[in-house]
Each structure stands twice: as C-alpha cells, then as structure tokens.
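Right, one structure below, let's go through it.
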Amino acid sequence: MYKYVLFDLDGTISDPKVGICTSVQTALKKYGIDVPDINTLTPFIGPPLRDSFRDFYHIKPEDMEDVIAAYRARFSTVGLFENDLYEGIPELLSALKENGRKLALASSKPRVFVEKILKYFKIDGFFDVIMGSELDGTRENKSEIIAECLRLLSLDPAGDLSEAVMVGDRKYDVEAAIAAHLPTVAVSYGYGSKEELTAAGAEVIAETVEELKSILLS
C-alpha cells in the first residue's frame, strides 16, 4: 500500500495547455519567432521552462531571463488560470486523504504559481507538502523537488521507499523517481505518450483518473 503519494501538477492534476502554450507563444513572438498553432508548443508542458526554451528554440543564455520574464508577464496574471482540472481529481484526492494517505505536490513550476493554482481549484487543503521551483531557477530539477518532498514528509531517501510513489505524466517524472529509488505510477491521459513513459522505465501506467484511483487505493 502506498502511504505517501507525490503528484506532478501539469498533465497529472490539471490540463494547463492553453495557459502555458499561449504564454510561450507570446514570449517567442517578442523575439521574432511566430508560432501560430499552440498545439506545437505542448512539449513545453513538463520540463523546466529554461530547458524548453533552450532545447526547442535555441534561446541563448544571455537572452534567457528576458524570455522567461516575457512568459511570466502573461502567465502570472492570466495564463495560470487558463487551466482545467482533470475530471475526477478532487474525488481522487479526497478518497486518498480519507484513507489516511499523505499527499505531496512535486512540480517543476515555480512554487508561487503552484500554490495559486491549487488554491484557485480549491484543492490546496488536500496536500501535506507543496513543492516547486523558485523564480530564480533554484530547484528546477525534478530530482531536487522529489528529494525536498521526501525530506518534508520525514522519509529517508536512503531508506525503504516502497510505501511512497511518484505520479506523473512525463518521462522527467518517471526518470527522477527511478533515480530516487521511488516507485512510480505514470499516467497516459496527460502529455506523455505510453511509448515515452515506457521508454523512461514506467512499469505501471494508468490511462484514466479512475484507473489511477484504483491503483493508489489498492
């Protein structure tokens, strides 16, 4: 039985496509890069933002903070609310708490945005730990975020973690969990394909929130 459940946010708890991708589109346009279809920007959902701007659009280090600022100018006021909870998530979180689970939110998104999003959806009270990166780029790596969650849950990262699990929709979640010797349940209703998740090492994949609920409560 999993007593401790760490959740990713984007693509796992909620669908942030419109808010994230439109904010990325706006930031890129200021640098002369026109991306008409926001669907082509969904690879930005999951990895740290700086990595995505570097890897997908080759933004130079000297321009990175300006691009990030352009993104956040829109996302921090509008984009973070262009977001939808996946159907069944409040019921899932409620059931886990009623069954004595400790819940943590482990996201690469800045914690200040994570907290606002959870409060907006009125699900912040379900979580014992809410962890994300900082606006200056500190703790963007998912492995660092998982480690901090484990510490705050009073779990020994060098000990037996079989009663804890990481739930996420991208390879970054799976790979970081495996590196931390943490069991993982991947979800394919988000932004990572089954092929991506399997290649990353996921052995358990839930196709729906209802299936995830069944796995976590078993």
Q: Using the Cα centre as the reference, give the magnitude of the dipole from point charges on the C-beta atoms of the chain (Lys, Arg: +1; Asp, Glu: -1; all else neutral), rounded to the nearest 20 debye.
A: 460
Q) Under a point spin-label approximation (7 Å from Cα along Cα-to-Cβ), what is the D160-I178 distance to one decimal in nm? A) 2.4
Q. So for the chain, taking the charge dipole from beta-carbon charges (+1 Lys/Arg, -1 Asp/Glu), which of G125, P43, L150 sits furthest toward the positive end?
A. G125
Q: Multiply the residue gap between E211 and K3 by 0.36 nm, knock off their C-alpha separation, and tell me the result in nm, one decimal place.
A: 73.1 nm
Q) Does anything in segment 15-34 have its amide N under 11 Å from the 7 Å Cα→Cβ label point of D63, and if so which residues? A) 28-34
Q: Scan (i) 51, 33, 31; (ii) 53, 45, 23; (iii) 42, 39, 32 for the value of Cα extents along the principal axes in Å calculated from this model and give just the label.
A: (i)
**Q.** Neighbour-limited loop hits for trypsin sites (Lys or Arg not before Pro), segment 112-174 (at most 12 other Cβ within 10 Å; DSSP other than H, G, I, E, B)
**A.** K122
Q: Sequence neighbours fewer than 8 away in the same chain don't count; with that in mind, list the lysines whose C-alpha is under 19 Å from K102.
A: K3, K119, K122, K213
Q) Which cross-chain or sequence-distant (5 or more) residues have an amide H under 5 Å from the amide H of Y86, H modelled 1.01 Å from N in plane? A) S14, D15
Q: Compute the signed sum of charges (Lys and Arg +1, Asp and Glu -1) over the other residues within less than 15 Å, Cβ to Cβ, of K97.
A: +1
Q | More than 13 angstrom apart: percent of Cα pairs within segment 17-81 | A | 58
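No lab work stands behind these numbers, since they all come straight from the coordinates. Since this is a predicted model, take the numbers as computed values, not measurements. Cβ atoms come from the backbone with ideal geometry, glycine included; neighbour counts cover every protein chain shown.
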